[in-house]
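J.: Please see the structure below; I have some questions.
The values are calculated or read from the model by the stated rules, or taken from the named source; none is laboratory data. Bear in mind the structure is a predicted one, so any value in this text is a computation, not a measurement. Virtual Cβ from ideal backbone geometry, glycine too; neighbours counted across all protein chains shown. SASA here: full protein model, heavy atoms, side chains in, ligands and nucleic acids out. Shrake-Rupley method; radii C 1.70, N 1.55, O 1.52, S 1.80 Å.
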Amino acid sequence: MPVALVISAPSGAGKTTLVKRLLALEPSVDFAVSVTTRPRRRMEADGRDYRFVTEDEFTGMIERDELLEWAGVFGNRYGTPKSALDSARRRGRDILLDIDVQGASSLIGRVPEAVTVFVLPPSRQVHESRLRSRSTEDEGSLRTRLGEAAAEIGWCMQFDHVVINEDLDEAVAVLQSILVAARARLSRMMPRILPILKEFGVSSRPDAEVLT
Ligand code: 5GP
């Protein structure tokens, strides 16, 4: 079973950079392109960063039950199309979901291959200065995002893993290690383990004995 790496963070924690770095290191991982009603930013491409849709189109997707999860974030709606996970499953590809904290926690227990990661800033002060140095937001939405951060950080206790983003290279290395370890879980390795066990004449039971 492939890994669905679900990465969440309060905005300004550096998640987007981390995700881009991980995807560059791991070309076999697909990126789950979300749909959003948010206007496209300069440098963003439709179909690569997001699928940009109207409010009506988004509502239509909810009504047709096409979304695995969706959430309202800062006045816009974002959702993961079920088709993204289905296609990764069909092709046996690992997939990375970059979604908000609320959406990520709604997947816990519902998506068996999900491995959840929370990216935490090293301190409140660093978080605030990183958020302010970003040029994509006006002052109003900056204040909104700052106000939301504390509430979002509280959700980190529900996640499987936490990456503290102090040093970017180190954080990328930790994230990659989580992916590598997730791939090596016994349950995911079964298709590869069984033929090896068979060659050795060993059964797959935990109390395995050599078969005669
Ligand atoms: P931004 O507008 O900065 O690209 O994203 C705002 C927030 O929406 C980020 O935390 C991002 O991870 C989250 N987000 C992006 N796609 C999805 C999605 O499909 N579902 C949910 N729940 N959140 C998403």
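J.: Does region 15-28 hold any residues that are more than 9 Å from the ligand (Cβ to nearest atom) and either surrounded by fewer than 20 Cβ atoms within 10 Å (Cβ to Cβ) or free of Cβ contacts under 8 Å to residues at least 24 places away in the same chain (or both), and which are they?
T.: Matches in region 15-28: THR17, LYS20, ARG21, LEU23, ALA24, LEU25, GLU26, PRO27, SER28.
J.: In region 39-70, what residues are within 28 Å of PRO112 (Cα to Cα), among the aliphatic types (A, V, I, L, M) and open to solvent by 40 Å² or more (accessible area, probe 1.4 Å)?
T.: ILE62 - this is the single residue of region 39-70 that is within 28 Å of PRO112 (Cα to Cα), among the aliphatic types (A, V, I, L, M) and open to solvent by 40 Å² or more (accessible area, probe 1.4 Å).
J.: Taking region 104-151 as the region of interest, how many residues are within 23 Å of the chain's Cα centre (by Cα), more than 18 Å from ASN76 (Cβ to Cβ) and of a type in the set (Ser, Thr, Tyr)?
T.: Here the count works out to 3.
J.: Of the residues in region 1-31, how many are within 11 Å of the chain's Cα centre (by Cα) and hydroxyl-bearing (Ser, Thr, Tyr)?
T.: The qualifying residues number 2.
J.: Now for a different question. It is to be established whether one or more residues within region 30-38 are modelled with pLDDT of 95 or more, open to solvent by 60 Å² or more (accessible area, probe 1.4 Å) and on the phi < 0 side of the Ramachandran plot.
T.: Checking region 30-38: at least one residue is modelled with pLDDT of 95 or more, open to solvent by 60 Å² or more (accessible area, probe 1.4 Å) and on the phi < 0 side of the Ramachandran plot.
J.: Does at least one position in region 115-134 carry a residue that is over 22 Å from ARG183 (Cα atoms), within 13 Å of the ligand (Cβ to nearest atom) and among the polar types (S, T, N, Q)?
T.: For region 115-134, residues over 22 Å from ARG183 (Cα atoms), within 13 Å of the ligand (Cβ to nearest atom) and among the polar types (S, T, N, Q): absent.
J.: Also, I was wondering about something else. Return the residues of region 114-145 that are modelled with pLDDT of 80 or more and either of a type in the set (Ser, Thr, Tyr) or open to solvent by 30 Å² or more (accessible area, probe 1.4 Å) (or both); say none if nothing qualifies.
T.: Of everything in region 114-145, those that are modelled with pLDDT of 80 or more and either of a type in the set (Ser, Thr, Tyr) or open to solvent by 30 Å² or more (accessible area, probe 1.4 Å) (or both) turn out to be THR116, LEU120, PRO122, SER123, ARG124, GLN125, VAL126, GLU128, SER129, ARG130, ARG132, SER133.
J.: Given the residues GLU148, GLU170, GLU152, GLU166, which is the only one that is out of contact with any Phe, Trp or Tyr (no Cβ under 7 Å at 6 or more places or on another chain) and either at pLDDT below 90 or under 20 Å from LEU85 (Cα atoms) (or both)?
T.: Selected residue: GLU148, the only one of GLU148, GLU170, GLU152, GLU166 that is out of contact with any Phe, Trp or Tyr (no Cβ under 7 Å at 6 or more places or on another chain) and either at pLDDT below 90 or under 20 Å from LEU85 (Cα atoms) (or both).
J.: Does GLN158 fit the bill of being within 13 Å of the ligand (Cβ to nearest atom) and touching a residue at least 12 places away in the same chain (Cβ under 8 Å)?
T.: When the stated conditions are applied, GLN158 does not pass them.
J.: Let me spell it out: the conditions are (1) more than 18 Å from SER11 (Cβ to Cβ); (2) within 13 Å of the ligand (Cβ to nearest atom); (3) open to solvent by less than 30 Å² (accessible area, probe 1.4 Å), and SER83 meets all of them except one. Which number is the exception?
T.: Of the numbered conditions (1) more than 18 Å from SER11 (Cβ to Cβ); (2) within 13 Å of the ligand (Cβ to nearest atom); (3) open to solvent by less than 30 Å² (accessible area, probe 1.4 Å), the odd one out for SER83 is (3).
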